[in-house]
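Read the structure below first, then the notes.
The values are calculated or read from the model by the stated rules, or taken from the named source; none is laboratory data. Since the model is a prediction, treat every value here as computed from it, not as a measurement. Cβ placement follows ideal geometry from the backbone for every residue including glycine, while neighbour counts extend to all protein chains displayed. Ligands, DNA and RNA are excluded from the accessible area calculation, which covers all protein heavy atoms including side chains. Shrake-Rupley method; radii C 1.70, N 1.55, O 1.52, S 1.80 Å.
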Amino acid sequence: MLVAMAGQILGVVGWSGSGKTSLLEYLVRELTASGHKINVVKHSHHDVVIEPPQKDSSRLRHAGAQEVLLASPYRYVIVHELRQEAEPTLRELVSHLAFADLTMVEGYKWETISKIEVFRPSLGKAAIYTEDEDILAVASDVPAPLDLRPGVQWLDLNQPRLVLHWIIAAMQNNILKKI
């Protein structure tokens with residue numbers, strides 16, 4: 001088993017439809033199967049519905065509760081209504097999570113954390129890595145460009161095991177920023 005480094009964080013960024021969630025799903029499955037504790041923070045630009053409006057927890061939130069903890073024998077979720085509060089920072093949100101060897105973050109492109117970009121030129125969107133010094137690796141379905149910034153690792157998105165190996169090595173070598 002690998003020696004995990006506590007408190008490391010890795011953002012997974014890219015445009016909608018690039019395959020971020022599919023790659024994350026694979027990575028989380030493989031990392032947890034090898035004994036790593038993994039947390040995931042997923043940012044959404046949309047309202048998040050935990051339960052339908054007619055369910056008890058939703059009714060209680062709408063009645064004015066600031067937080068509702070919904071528990072079952074299988075999982076629990078804490079819903080915190082922001083009301084007029086600003087959206088919490090990534091650091092504030094991560095502070096609520098349990099210990100993990102690695103916290104993977106989908107979204108939060110603007111955060112100054114270590115990142116990997118999922119880049120598919122066929123989407124017609126510009127690459128993010130060219131403007132973001134925090135992107136350490138790019139997983140793409142095309143070969144690396146000749147003018148790739150030194151220090152950026154180019155990985156084959158069609159071989160997710162290579163991405164997994166890069167992440168494990170980055171964790172072991174303390175390349176990823178800490179939380």
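Per residue, how big is the convex hull of region 15-128 when only Cα atoms are used? Give it in Å³.
Values: hull volume 17.3 nm³, N = 114.
Per residue, the Cα convex hull of region 15-128 comes to 151 Å³.
Taking only Cα atoms and a 10 Å spring cutoff, compute GNM fluctuations for the chain and point out the largest among His62, His36, His96.
Result for the chain, Cα springs under 10 Å: His62 fluctuates most.
If I compute solvent accessible area with a 1.4 Å probe over the protein chains, what percent of it on the chain is carbon and sulfur?
55
With a 1.4 Å probe and every protein chain left in place, work out the accessible area per residue of region 40-179 in Å², rounded to a whole number. Please report the intermediate quantities before stating the final value.
On the way: 9160 Å² over 140 residues.
With the other protein chains kept in place, region 40-179 gives 65 Å² per residue.
Return the subset of Lys20/Lys178; Lys125/Lys177; Lys125/Lys178; Lys109/Lys178 for which the Cα-Cα distance in this structure is over 25 Å, preserving the input order.
Details: Lys20/Lys178 22 Å; Lys125/Lys177 27 Å; Lys125/Lys178 30 Å; Lys109/Lys178 17 Å.
Table pairs above 25 Å Cα-Cα are Lys125/Lys177; Lys125/Lys178.
Find out how many positive minus negative residues lie around Leu90, taking Lys and Arg as positive, Asp and Glu as negative, among other residues whose Cβ is under 14 Å from that of Leu90.
On the way: positive: Lys42, Arg91, Lys109, Lys115, Lys177, Lys178; negative: Glu87, Glu92, Glu106, Glu111, Asp134.
Net charge around Leu90: +1.
Over 20 Å apart: what share of the alpha carbon pairs of region 91-179 falls there, rounded to a whole percent?
38
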